[in-house]
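Trainee: Have a look at this one before I ask anything.
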Amino acid sequence: MIKKIFKNRLLILGGILFVNIALLVTLDLIETFFKLNLPEIDNKEEIMNSIFFYSIFFIIVAPVLEEVLYRLPLRNNKLSFLSFLVGGIYIFAFDLLFVRMILGIYLMAIIYLIFSRRETSKIFVIMSILVFTISHIGNYNLLEVKSMSLLELLFMFLPQLILGIIVTLFRMKFSFKYALLYHVIYNLIIVLLAINFD
């Protein structure tokens, strides 16, 4: 029985991952077709020169930190305080005051959930997804991002929004480990695509 449930969850995870990657490819084709001028990831050359370090970071470290910060507190448990600790570190990683302020508000919401011992509200779930999406602004050259139209910004952050929704659903419907596993596999595929097609 347990083996069947695990197998079904892995099939769901694999199917959604396939659809998610297909969406990424579709977005890339749309970007090319409409000649959208989206910025490249900041420090791309540096990343490709030390691919081993960045692969470990993008495939393991980033998903673990992001899932602890954005998905762990979605179910109030004894480890939710880790989200606040990781968030405290994240605040210092961002140059933009706007992102720091949003992250600060999110951390206050985590503290409220920890101490109130209430069930996670839909507002907090949506907030988690949006803060996760916005926090990826640090991946890009800020001068280029500031010159983009709202439509270009929405298009650029759509993959992170979709990923945030999917891993949140895995967290809420299954468990933290499935959300983390999905995020790790997703980032692994992104890194492999970047290495092979760049």
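Trainee: Rg/Rh for the chain: what does it come to with C-alpha atoms and Rh from Kirkwood?
Mentor: Answer for the chain: 0.96.
Trainee: Hey, how many Å between the Cα centroid of the range 55-83 and the Cα centroid of the range 146-198?
Mentor: Computed from Cα coordinates, the inter-centre distance equals 14 Å.
Trainee: Can I ask one more? Rounded to the nearest 500, what is the chain's calculated 222 nm mean residue ellipticity when only DSSP H runs of at least 4 contribute -39500 (n - 2.57) each, over all residues?
Mentor: After summing the helix terms and dividing by residue count, I get -25000 deg cm²/dmol.
Trainee: I've got another one for you. Subtract the Cα-Cα distance of residue 193 and residue 144 from 0.36 nm times their separation in residues, and report this length gain in nm to one decimal.
Mentor: Here the segment from residue 193 to residue 144 would lengthen by 15.3 nm.
Trainee: Under a Cβ-only charge scheme (Lys and Arg +1, Asp and Glu -1), can you give me the dipole magnitude of the chain about the Cα centre, in debye to the nearest 20?
Mentor: The calculation lands at about 1420 debye.
Trainee: For the chain, with a Gaussian network of springs between Cα atoms less than 10 Å apart, report the residue from 110, 91, 30 with the top mean-square fluctuation.
Mentor: Evaluated over the chain, the most mobile residue of the options is 30.
Trainee: Determine, for 95, 28, the number of other Cβ atoms within 10 Å of each Cβ, and report the residues in order from fewest to most.
Mentor: The order, fewest Cβ neighbours first, is 95, 28.
Trainee: If the label point is 7 Å along Cα→Cβ of residue 174, which residues in the range 58-89 have backbone nitrogen under 14 Å from it?
Mentor: Under cut-off, by backbone N: nothing.
Trainee: Under a plain spin-label model, where a point goes 7 Å from the Cα along Cα-to-Cβ, how far apart in nm are residue 123 and residue 98?
Mentor: Computed distance between label sites residue 123 and residue 98 equals 2.3 nm.
Trainee: Highest first, please rank the peptides 111-119, 158-166 by the mean number of other Cβ atoms sitting within 10 Å of their residues.
Mentor: 158-166, 111-119
Here, each number is a calculation from the coordinates, and none is a lab measurement. This one's a predicted model, so the numbers in the text were calculated from it and none came from an experiment. Cβ: placed from backbone, ideal geometry, glycine included. Neighbour counts: every protein chain shown.
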